[in-house]
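**Q** The structure is given below, and queries will be raised subsequently.
The values are calculated or read from the model by the stated rules, or taken from the named source; none is laboratory data. In this text the structure is predicted, and so the values were computed from the model without any measurement. Methodologically, a virtual Cβ is constructed for each residue, glycine included, from the backbone with ideal geometry; neighbour enumeration extends over all protein chains shown. To get the accessible areas, we keep the full protein, side chains included, count just its heavy atoms, and leave off ligands, DNA and RNA. Shrake-Rupley method; radii C 1.70, N 1.55, O 1.52, S 1.80 Å.
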Amino acid sequence: MSPRLATIDTLASQITCFFPIGIGELFGIRSCEMEDEIVRVSLRRELSSPHFNKKQIKAKMALWMEKGSEPLTETEKADLEAIAAIKASAAIELKEKGNEYVKMGKKHYSDAIDCYTRAINQKALSDSENSILFSNRAHVNLLLGNHRRALNDSQEALKLCPSNIKAIYRAVKASLSLDLLDEAQDYCQKGLQLDPNNEELKKFDQKINLKIAENKKHEAEVSKAVAEAKELVSAIENRGLKIGKAMYRELTGLRKPVLDKNNILHWSVLLLYAEVMSSDFIEDFCETDMFSLSHIFAEDQPLPWDVENNYKREFIELYYEAGSGLVLSKERLLHCLLEGTAASGELRIDDEEKDPVDNFKHSMGSPKWINVNERRTLHDVLKEPNFIIPGIPVFYVVSKRSSFYMKFKAGKWAPPSI
């Protein structure tokens, strides 16, 4: 190293020790980074000037550090301009280094962000140049998936230079990634006003408009589903019906009652042949219809598994299990009715509502079976105080001719645990 350069390095070191903030921090750079090639080159270039000596630099830095101070002489002005030049030079070289890091790939993105940040911290460039720095940092944050930071950087860039089209593009991209559709649309429209032929912004504009339309459609579907579910809850409450946790979901799926325009409930009803655990469905059982077993069980359609012909119309009886399960709260019931709709998952249940209301506990003893009178309507049966509807009505079919009948009536058979 030449004596002149050695003197310059020694002088920089002495300045760092003499002033509390250190020359590195003066330029917005950590002291431990004083050997950074960018800063070293800038310092050497400026300190090599014949206008610089130790005494001048100390006076200049003291003036720089004193808040509100103004240069009094032409020499002080020249000194401060020289410091500004060093900072501006360092900022430009940091920007270029950051650009190089971006080209080097993902492993160096954090280095690029660091360079852009240090360049911004110089506070030595024009608004338009600093706008580019913020926009560049926004670009790297987008590459890293830091969408909120990218949006913040884009916004800072646009404060400094509202016509920075790259910053607008990156604000659009970040807003869209954050699902901030209104903001994305605003930025996109501003960009197209500045550059009507920008193809990338045109594509984003179409994408944003499509997504807004989809969101509006989804919101309408959610509103409709919630309104219909609330109507159902009110209809169930007004009838004094009690709904419990759904059973046999593998058989019933997501079947639910339907309220028609005449305010009449229509139910899907599950018929379980307890002896063999086979099942049938009545897809649309109107609540005003009676249990006419002659219509439910046709004589000319024997059950394929009933080889002994025990399950003919005249031998069969229907039962429901009394007091089985727990009654769902109103909020929980609404949540269940929304399953499978556009509003599924939209309703949040409070912690205290996560479990059903413990009004009707299943007895620990034998199940109690209640025979269904076929002259009664479905509504009359469902509103019985001891009938808790397990999602949809479930009735058990047994034959008086079967050997299973006495076991069932004696409470020695229970539905499998679900």
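**Q** How large is ³J(HN,Hα), in whole Hz, for each residue of segment 228-239 in order, when computed from phi with the Karplus curve 6.51 cos²θ - 1.76 cosθ + 1.60 and θ = phi - 60°, using x for Gly and Pro?
**A** For segment 228-239, the Karplus-derived couplings read 5, 5, 5, 4, 5, 4, 5, 5, 5, 5, 4, 8 Hz, x marking Gly and Pro.
**Q** Add +1 for every Lys or Arg and -1 for every Asp or Glu among the other residues with Cβ under 14 Å from the Cβ of Pro416, and state the total. Intermediate values should be presented prior to the final figure.
**A** Details: positive: Arg249; negative: Glu250, Glu275, Glu321.
My count for the surroundings of Pro416 gives -2.
**Q** Mind ranking Trp267, Trp369 by accessible surface for me, highest first, 1.4 Å probe? Write down the numbers at each step before the final one.
**A** On the way: Trp267 0, Trp369 35 Å².
Correct descending sequence by accessible area is Trp369, Trp267.
**Q** What are the ³J(HN,Hα) values, in whole Hz, obtained from phi via the Karplus relation 6.51 cos²θ - 1.76 cosθ + 1.60 with θ = phi - 60°, for each residue of segment 306-323 in sequence order, with x given for Gly and Pro?
**A** Using θ = phi - 60°, the values come out as 8, 5, 8, 6, 7, 9, 8, 3, 6, 9, 8, 9, 10, 9, 10, 8, 7, x Hz.
**Q** Skip the ligands, DNA and RNA, and give the accessible area per residue of segment 89-195 with a 1.4 Å probe, whole Å². Before the final figure, lay out the partial values.
**A** Numbers: 5280 Å² over 107 residues.
Accessible surface, normalised per residue, equals 49 Å².
**Q** Summing Lys, Arg as +1 and Asp, Glu as -1, what charge do residues with Cβ under 11 Å from the Cβ of Val226 carry, Val226 excluded?
**A** That sum, taken over residues with Cβ under 11 Å, equals -3.
**Q** Enumerate the amide H contacts of Ile388 below 5 Å, restricted to partners 5 or more residues apart or on another chain; note that Pro and chain-start residues carry no placed amide H.
**A** The answer is Gly323, Ser324.
**Q** At 25 °C and 0.890 mPa s, grab the translational diffusion coefficient of segment 93-187 from Stokes-Einstein with a Kirkwood Rh over Cα pairs, rounded to a whole number in µm² per second.
**A** 189
**Q** Determine the gain in length on full extension of the stretch Asp280-Ser234; use 0.36 nm per residue of separation and subtract their C-alpha separation, reporting nm with one decimal.
**A** Between Asp280 and Ser234, full extension yields an extra 13.7 nm.
**Q** Follow-up question, since we're still on this one. Hey, which of these cross-link pairs are over 25 Å Cα-Cα: Lys256/Lys400; Lys97/Lys123; Lys203/Lys224? Mind showing how you got there, number by number?
**A** Numbers: Lys256/Lys400 31 Å; Lys97/Lys123 17 Å; Lys203/Lys224 32 Å.
Long pairs (Cα-Cα over 25 Å): Lys256/Lys400; Lys203/Lys224.
**Q** Probe radius 1.4 Å, ligands and nucleic acids ignored: give me the carbon and sulfur share of the accessible area of segment 305-350 as a rounded percent.
**A** 47
**Q** Another question, then. Highest first, please rank the peptides 90-102, 333-345 by the mean number of other Cβ atoms sitting within 10 Å of their residues.
**A** Going from most to least packed, we get 90-102, 333-345.
**Q** Give me the lysines in straight-line cross-link reach of Lys202: C-alpha distance below 17 Å, same-chain residues under 8 apart excluded.
**A** Lys166, Lys173, Lys190, Lys211
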